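What follows is a short report on a single structure.
None of the figures in this text is laboratory data; all of them are computed from the coordinates on show. Worth saying up front: this structure is predicted, and the values here are computed from it rather than measured. All Cβ positions, glycine included, derive from the backbone under ideal geometry; neighbour counts span all protein chains shown.
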Amino acid sequence: MPGTGLWRTKSVEQSIRDTDEPGTRLRRNLSTWDLTVFGVAVVIGAGIFTLTARTAGDYAGPSVSLAFVLAAVACGLAALCYAEFASTVPVAGSAYTFSYATFGELAAWIIGWDLVLELAVGAAAVAKGWSVYLQTVLGYAFGEGAKTTFSLGGLTVDWGSLLLVIVLATVLAVGTKLSSRVSMVITAIKVAIVLFVIVLGLFYVKAANYHPFVPPAAGSGSGESGINQSLFSLIAGGATSTFGGFGLLAGASLVFFAFIGFDIVATTAEETREPKKSVPRGIIGSLAIVTVLYVAVSLVVVGMVPYTDLATSAGDGSHKTLATAFSVNGADWAANVISVGALAGLTTVVMVLMLGQVRVLFAMSRDGLLPRPLARTGGHGTPARATVLVGVLVAVAAAFFPADKLEEMVNVGTLFAFVLVSGGVLVLRRTHPELPRAFRVPGVPVVPVLAILACLWLMLNLTVLTWLRFAAWMVVGVVIYFAYGRRHSLLGRRTAETVEVKS
């Protein structure tokens, strides 16, 4: 039975019935292939083009490939839990909807608010990276003076990211199927670029660059220390989380950002023709594809140049990318090709992150935790108002605010969501054993428990400062819930009406 107050749960049956509510119905026209494209489109992007080189240079050295494997294991365990939930509850909202059915309204709100860190903030951060690559490409065509920013009354405006978000918001408002087709074309381009990096990079690999595979830990006077070192290394008494064992673990937590996005497949369950089959296949298929590509790319890149050449520049804080490895080897033409490919790759990342944020916002609005008008769908069968709102918020953040440290904020938010989803599988198995499950997590309860432990472990290896920022973000979210969401909850009103009828 649903609880009351903060812990009232929205039944699975009610969640499914709400998908047919007039005025908020989404169009079902996505296939397994569409979902796999969405997953690969968003996952292959910022992580592979920017994080690989930086993580090797600043944290893990040549063992960055092992860091990718560790992150992939945690994602794989969580992916199995997502697949069962999404095939059982094929409703928009992903972890938010799953939490509402298991842990209750307050937890659902917290996870919905938390997903903003993964999706909207992530979209803004990647849009900033897209603008940097656009400036590089424009430099090839028009000279180094080409800029994607300008000053306005002392304020720096990033017109490149602003333009990108406006165009993508328009595409999303027109229709999810169109978004999938755009993603398919661009995803083919960037997968080709990734394969290009792997094949061409093999000709520049030198065995000596793999030694030492796990570099010795940096001294206490260098690297990331204090509130900038990982929480685990601080608790365990480590002087720093740069290189060594602590650096490898910190690297795994950082490259986790490269896998973020496969869970977005679950947010489109309500728009899928056969969600109970297509969603699990889309989630697991996209994760398997990108894991193989990530490990291959990381092995090639650290074999091409010494890991010390990939470190963040001490003077200007600039980050190295995949293109850097080719430039160091004198293959500037290849670096140019990679920059163009990265531009295409980041485009789909921003689009699918925005898509996921719109669907979460749509689900929360349909439940009354946010203004209900945001859940209305227009003639194209998409939540146009929610799309416009997300587009405005992401555009403002990307155009006017710096993106420093956002990757780690995105990571902690996503890992927290994974913990709740994995725990939710255990709860739903106990509370609703009768529900049909097209996909079942094998080895319950061992696999969900391992997923929870793996995600918590990665969270511990994020920086102390990230944890402090995450705590502040959660406090703001709780305040908004009590100020608006709790009083306007549709489930709360239904519960109150039921109590009145019985009395």
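Per-structure values
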{"item": "Using θ = phi - 60° and Karplus 6.51 cos²θ - 1.76 cosθ + 1.60, couplings along region 466-480 (whole Hz; Gly, Pro as x)", "result": "4, 4, 5, 5, 5, 4, 5, 4, 5, 4, 4, x, 5, 4, 5"}
{"item": "Amide proton proximity set for LEU30, modelled H, under 5 Å, gap of 5+", "result": "THR272, ARG273"}
{"item": "Cα-centred dipole magnitude for region 367-492, charges only on beta-carbon of K, R (+1) and D, E (-1), debye, nearest 20", "result": "440"}
{"item": "Residue-wise HN-Hα coupling along region 390-396, computed from phi with Karplus coefficients 6.51, -1.76, 1.60 (Hz; x: Gly, Pro)", "result": "4, x, 5, 5, 5, 4, 5"}
{"item": "Computed Kirkwood radius, in angstrom, where 1/r is averaged over Cα pairs of region 315-473", "result": "19.7"}
{"item": "Taking TRP333, TRP33 and counting other C-beta atoms within 10 Å, the order from fewest to most", "result": "TRP333, TRP33"}
{"item": "Cα centroid of region 66-121 to Cα centroid of region 418-469, whole Å", "result": "9"}
{"item": "Inter-probe distance in nm under a simple model that places probes 7 Å from Cα toward Cβ, at VAL479 and PHE196", "result": "4.8"}
{"item": "Under-5 Å amide H pairs with LEU370, H placed in peptide plane, nonlocal only", "result": "SER365"}
{"item": "For ILE283, ILE189, order by how many other beta-carbon atoms lie within 10 Å, fewest first", "result": "ILE189, ILE283"}
{"item": "Per-residue HN-Hα couplings for region 111-116 [Karplus 6.51, -1.76, 1.60; θ = phi - 60°; Hz; x = Gly/Pro]", "result": "6, x, 5, 5, 5, 4"}
{"item": "Other-chain or far-sequence residues with amide H under 5 Å of SER230's (modelled H)", "result": "SER241"}
{"item": "Overall dimensions of region 42-98 by Cα: Rg and Dmax, Å", "result": "15.2, 43"}
